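**Q** After the structure tokens below, expect a handful of questions from me.
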Amino acid sequence: MYRRIHEAIIQSPPIDDFDIFKELKDQNFFESQESIIALCTHLQELMKTIEDLDENQLKNELFKVLQISLWGNKCDLSLSGGKTISQKINLINSLEDLKPFILVNDMEHLWSLLSNCKKKRGKASITRVDIVLDNSGFELVTDLVLADLLLSSKLATEIHFYGKTIPWFVSDTTLHDFNWIIEQLKHSNHKWVSKCGVDWENHIKMGRWVYLDHMFWTLPHEFSAMPQVAPDLYATLQKAHLILFKGDLNYRKLTGDRRWEFTIPFHEALNGFHPAPVCSIRTLKAEVQVGLQPGQGEQLTASVPNWLTVGKYGVFQFDGPL
């Protein structure tokens, strides 16, 4: 439906760039200002000492920002039927309380991969992390903070972001959303928020951050069909050292949206989709979940019947060689 509407709109100036969801996305961003200020302040304070952190300290900071990116995925307007879900609490202060709700936690694998890339990297070589984005608004800010930390810590030298070519699933990120949020941050009257916006704009100008879109992300195919349906996109992803897939819909497409047994390994559920090491960062909002321990899903069903769809639980699920 969205594609058909888009086909009509692009032939109808001056509404050829109209986004029916823009007002809702903007509202989510503006209502999350306190959390955005706290997050940007945390990042800028961290930048002052980033080069002096030892390995353990850097790993802890990476894990914090990864968890913030995970729980930022709760702010999903499609889950709420379009009603605004803003982030009004400081997530940084809530991470310890939220840890028990991470059902699969492969952050150590991410650290091992990225830290090994950093150690082995020559002066001229790059480490590229790709982030397949989900929601605009507060969640996008958390993803940009993660990307900045990866660059500043030299765990990565280049970040590629993938968004949607057209407005999609209410709050999904488009190129306009990506640029709009950086512009909003840059013109903030809070010094650390503004500094983030200026820094991130500079990353784009210098080619350290690259935004890409592709129509495949809005097609009905599961990702295992990508080599046949969009071989150019698959070839691009193969050049990454790590691909982070944000959000529930990406998880559903990674796993083919099948009714898998909870204990089926993530690697198997990917059905041959292995362009590079991948990690799903997702809060659960649909009835598909793999890679759990025996009995884990059944215990959750008994205690929290709607655990698969309520957005209360999250996963970091990794697949790939280390």
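The values are calculated or read from the model by the stated rules, or taken from the named source; none is laboratory data. Remember, predicted model here, so these are calculated numbers, not experimental data. No Cβ is skipped: glycine too gets one built from the backbone with ideal geometry, and neighbour counts run over all protein chains shown. Accessible surface is based on the protein model in full, side chains and every heavy atom, while ligands, DNA and RNA are left aside. Shrake-Rupley method; radii C 1.70, N 1.55, O 1.52, S 1.80 Å.
**Q** Is at least one residue of the range 19-37 open to solvent by 80 Å² or more (accessible area, probe 1.4 Å), over 26 Å from residue 245 (Cβ atoms) and touching a residue at least 60 places away in the same chain (Cβ under 8 Å)?
**A** So far as the range 19-37 goes, no, none of its residues is open to solvent by 80 Å² or more (accessible area, probe 1.4 Å), over 26 Å from residue 245 (Cβ atoms) and touching a residue at least 60 places away in the same chain (Cβ under 8 Å).
**Q** Let me ask something else about it. Residue 225: of a type in the set (Gly, Ala, Ser), open to solvent by 40 Å² or more (accessible area, probe 1.4 Å) and part of a helix (DSSP H, G or I), yes or no?
**A** Values: of a type in the set (Gly, Ala, Ser): yes; open to solvent by 40 Å² or more (accessible area, probe 1.4 Å): no; part of a helix (DSSP H, G or I): yes.
The answer is no for residue 225.
**Q** When you go through 251, 211, 234 one by one, which is the residue that is at pLDDT 95 or above, out of contact with any helix residue (DSSP H, G or I) (no Cβ under 9 Å at 6 or more places or on another chain) and either under 26 Å from residue 19 (Cα atoms) or in a helix (DSSP H, G or I) (or both)?
**A** Testing whether each residue is at pLDDT 95 or above, out of contact with any helix residue (DSSP H, G or I) (no Cβ under 9 Å at 6 or more places or on another chain) and either under 26 Å from residue 19 (Cα atoms) or in a helix (DSSP H, G or I) (or both) leaves just 251.
Residues checked against (1) modelled with pLDDT of 95 or more; (2) outside any loop (DSSP other than H, G, I, E, B); (3) surrounded by 17 or more Cβ atoms within 10 Å (Cβ to Cβ):
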residue	(1), (2), (3)
79	no, no, yes
85	no, no, yes
114	yes, yes, yes
119	no, yes, no
129	yes, yes, yes
149	yes, yes, yes
155	yes, no, yes
160	yes, yes, yes
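**Q** Here are 295, 197, 311, 207: which of them is of a type outside the set (Phe, Trp, Tyr), over 22 Å from residue 169 (Cβ atoms) and open to solvent by less than 10 Å² (accessible area, probe 1.4 Å)?
**A** That would be 197, the only listed residue that is of a type outside the set (Phe, Trp, Tyr), over 22 Å from residue 169 (Cβ atoms) and open to solvent by less than 10 Å² (accessible area, probe 1.4 Å).
**Q** Within the range 170-193, can one find any residue that is open to solvent by less than 10 Å² (accessible area, probe 1.4 Å), aromatic (Phe, Trp, Tyr), outside any loop (DSSP other than H, G, I, E, B) and closer than 17 Å to residue 250 by Cβ?
**A** Yes.
**Q** Looking at (1) more than 20 Å from residue 181 (Cβ to Cβ); (2) surrounded by 18 or more Cβ atoms within 10 Å (Cβ to Cβ), which is the only condition residue 60 fails?
**A** Of the numbered conditions (1) more than 20 Å from residue 181 (Cβ to Cβ); (2) surrounded by 18 or more Cβ atoms within 10 Å (Cβ to Cβ), the odd one out for residue 60 is (2).
**Q** If I ask for residues that are part of a helix (DSSP H, G or I) and open to solvent by 20 Å² or more (accessible area, probe 1.4 Å), which ones from the range 96-112 would you list?
**A** 96, 97, 98, 99, 100, 101, 108, 109, 111, 112, listed by residue number.
**Q** With the checklist (1) in contact (Cβ under 8 Å) with a residue 24 or more places away in the chain; (2) in contact with a Leu (Cβ under 8 Å, 6 or more places away or on another chain); (3) part of a helix (DSSP H, G or I) in hand, flag the one item residue 197 doesn't pass.
**A** (1)
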